[in-house]
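Below is one structure; the comments refer to it alone.
The values are calculated or read from the model by the stated rules, or taken from the named source; none is laboratory data. Just so it is clear, the structure is predicted and the values come from calculations on it, not from any experiment. Every residue, glycine among them, receives a Cβ derived from its backbone with ideal geometry; neighbour counts consider all protein chains shown. Accessible surface areas use protein heavy atoms only, side chains included; no ligands, DNA or RNA. Shrake-Rupley method; radii C 1.70, N 1.55, O 1.52, S 1.80 Å.
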Amino acid sequence: MGRRVKALLRDPVFLLGLAIRLLLIAVATPVIHQIWFVPFLTHVTHAGTLVPWSSFLASGGPVEAFPYGLLYVLVYGPLTWIGELVAGPAGGAIGLSLTTLALDAGLYVALRRLSRPEEQALTGALYWLSPITLHVGYWHGQLDVFPVLLLTASLLFLRINRFRWSGYTLGLAIAAKASMVVALPFVAVYLIGSSRLRWKAASVLLPAAFVVFALIAPFHFSEGFRTMVLGTPEAAKATALAIPYGDGLSLFVFPVAYAGLLLVAWRVRRLGFDGLLAFCGAAFLGLFLLTPASPGWALWFMPFLAWHLARTPGLHAYALYGVFAVAFVVLQTIVSTGATLRIGDLALFSDRVFLPDDSDLASGFFSLFVLAGLVFLLQIIRTRVFQSRHYRATRAPFTVAIAGDSGAGKDTLSDLIVDMVGAPSAVELSGDDYHIWDRHKPMWRALTHLNPKANHLDQFAADAVALSEQRHVRRRHYDHSVGRMTKPEMVKPSDWLIVSGLHALHPRALIEIADMRIFLAMDERLRRFLKIRRDVTVRGHPLEKVISSIQKRLPDAARFIHPQREKAGLVLTLEAVRPSQLADLETDPADIPLRLLAFSRRAEDFTRLGEILLSVCGCYIVERAGPSGGTELVIEGEPSAADIAVAARHISPMLAEYLALYPVWRGGANGLIQLVVLEHLSRIMAVRGGR
């Protein structure tokens, strides 16, 4: 914590913004602080209660003085009370503004942490030095920075997978300012629409609901609370802009626009985190533009607008923002209360005195502001959602096709990929389920499973295509333990489709839909060893029959299976470091050190992977020319699962939103296979989503 504070105090942007804020606090006292906020908060100490709304109204206080609940009293009260005790109402106003400053600094830090490392400085500057932020918080004097800080903290907790903390802070934000509920449906869509996050939705939404109920319900019995907080006239502003339709009917503009925005988010479904921020920002910006909003509402969209602008290249965006900010400040100076500017005992001016109260002039600046704001709203949705890498990469399930000979490890590789992406996000389609006959049919005397004619490959490909197009299929399952097919069952599409089988790279239709094509070309001695052990010990086949089957299948393997290698983008081969260990079938496979050979047709594919494996996992690496001009990486080592996890984070941090919430990383050769597949995946995702 100490290092972070020191770093903040060395930040020139922060220091400049801090100096401006301290100067404004010293010389300017917002009018609403003088007539509303400070009198209410000082009444709390005089009344001696934390439920002061009724007694404040009874004492003749204005209804609009403090439309906030207990959280605001607890946060803004202490420094206001201390200031009032030391220097009277003026000191109370300074204490109130210093509380705003502390919350504002917290929002600056949270917003920077919410941004990408390379964008943190610019995002922070665009918020911290914004004329809009300064005007709202320190000239007009609104207190909306508090719920915005809580909402930003909730989103930050959500990004780092602290779900319960996200829910609690989201509930605090809504309890502090009911308008923060605007973000809640988008958070729900973000969680529920993602198969990797869906199971955590309750961990966010239930704590949020609990906190809101706990902080609002007890005060519902206070008539003053219902009048000042729950009955605030600001709630009616959401429907103030309406289009008359005749016969007493009106179309409420903002509710319709908000519902439409929510519908778009739901149709997108697989929202990335950037998409969540974009929709929240667009909703708050739309709320401000399409309602007679109070100036403080501008703080609701400012963090999101700063985040968006930091990612927008070109001076035109900053020029538009300049117009937007100037129009806002001039407009609010005309139509809203301001501050009393004091130097010593001299009051130079107060309230709305910069420009005359000219409705035409105000309308002109208002029109300019709304025009620029609508451009930003459309730009946020277009660039941060529909042109984002995540959107383009997730429009259809990511399909992995795994082919290889019997016993080459297709099921194992499929399981390793599921460990990476998460079982709720993956659906597996096995070629074994498309054998034409079960094990007991006499046709197997003439054909082997390796022959395409012994399999329903057309149906295999058709089902894979259907799942890739997010359509349900019905398929039966081949039960190896009894050698028979089960009854057909419904298979639902998911974010990942893993197609594995002897002929996974044989049908043209399947090759065309596969984003990643992998061929397993296991060393023949190791393959025989593992297949014999599997078929004898797991599937219960007689040893002699298994050996006879292997010999019988060799011609078909050469004819139908091995040619699929040429259609793969990644070829993985495992071989025993000491082949002599394979002579004894009683040897535990876990006791056999393995060497991984990974082949790619692109020479540059393995350069960075080799460096990570060497430096993080301590593996022995040899890079050599492979067949057909590609590159083959020879990897030997026994890294731990922890080493694999660290290496995975180095390979591609941007893949986090595509993988499981908590990926399962394996040690040894299986972990090395996961890393090779992950590296291959990162390059495919970059192409699929666009750089």
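Does R525 satisfy the condition of being under 12 Å from D405 (Cβ atoms) and of a type outside the set (A, V, I, L, M, F, W, C)? Considered against the rule, which asks whether it is under 12 Å from D405 (Cβ atoms) and of a type outside the set (A, V, I, L, M, F, W, C), R525 comes out as no.
Residues satisfying the criterion are absent from the stretch 230-246 (criterion: in contact (Cβ under 8 Å) with a residue 40 or more places away in the chain, of a type in the set (V, I, T) and buried (at least 17 other Cβ atoms within 10 Å of the Cβ)).
Inspection of the stretch 573-582 finds a residue satisfying the criterion of being among the β-branched types (V, I, T), farther than 20 Å from Y478 by Cα and out of contact with any Cys (no Cβ under 8 Å at 6 or more places or on another chain).
Candidates G141, G124: the one that is buried (at least 20 other Cβ atoms within 10 Å of the Cβ) and at positive phi is G141. State all residues of the stretch 522-531 that are touching a helix residue (DSSP H, G or I) at 6+ places or on another chain (Cβ under 6 Å) and crowded, with 19+ Cβ neighbours inside 10 Å; if no residue qualifies, say none. Answer for the stretch 522-531, where residues must be touching a helix residue (DSSP H, G or I) at 6+ places or on another chain (Cβ under 6 Å) and crowded, with 19+ Cβ neighbours inside 10 Å: just F529. Of the residues making up the stretch 16-45, just one is surrounded by fewer than 12 Cβ atoms within 10 Å (Cβ to Cβ) and over 22 Å from T337 (Cβ atoms), namely A19. The residues on offer are L85, L79, and the sole one that is open to solvent by 60 Å² or more (accessible area, probe 1.4 Å), more than 30 Å from F221 (Cα to Cα) and out of contact with any Phe, Trp or Tyr (no Cβ under 8 Å at 6 or more places or on another chain) is L85. Hey, does the stretch 674-687 have a residue that's over 23 Å from D515 (Cα atoms) and in contact (Cβ under 8 Å) with a residue 12 or more places away in the chain? No: the stretch 674-687 contains no residue that is over 23 Å from D515 (Cα atoms) and in contact (Cβ under 8 Å) with a residue 12 or more places away in the chain.
When every residue of the stretch 567-588 is checked against the conditions, none turns out to be touching a residue at least 24 places away in the same chain (Cβ under 8 Å), closer than 30 Å to L158 by Cβ and of a type outside the set (D, E, K, R). Scanning for something without any contact (Cβ under 8 Å) to a residue 60 or more places away in the chain, farther than 17 Å from A176 by Cβ, open to solvent by less than 50 Å² (accessible area, probe 1.4 Å) and in contact with a helix residue (DSSP H, G or I) (Cβ under 6 Å, 6 or more places away or on another chain), does the stretch 46-60 turn up at least one residue? Looking through the stretch 46-60, at least one residue is without any contact (Cβ under 8 Å) to a residue 60 or more places away in the chain, farther than 17 Å from A176 by Cβ, open to solvent by less than 50 Å² (accessible area, probe 1.4 Å) and in contact with a helix residue (DSSP H, G or I) (Cβ under 6 Å, 6 or more places away or on another chain). A single member of A93, A121, A110 is assigned to a helix (DSSP H, G or I), in contact (Cβ under 8 Å) with a residue 12 or more places away in the chain and touching a strand residue (DSSP E or B) at 6+ places or on another chain (Cβ under 8 Å), and it is A93. Residue count for the stretch 563-572 satisfying the condition of being more than 35 Å from the chain's Cα centre (by Cα) and either on the phi > 0 side of the Ramachandran plot or buried (at least 16 other Cβ atoms within 10 Å of the Cβ) (or both): 2.
Screening Y168 on (1) in a helix (DSSP H, G or I); (2) modelled with pLDDT of 95 or more; (3) out of contact with any Pro (no Cβ under 8 Å at 6 or more places or on another chain) shows it passes everything except condition (3).
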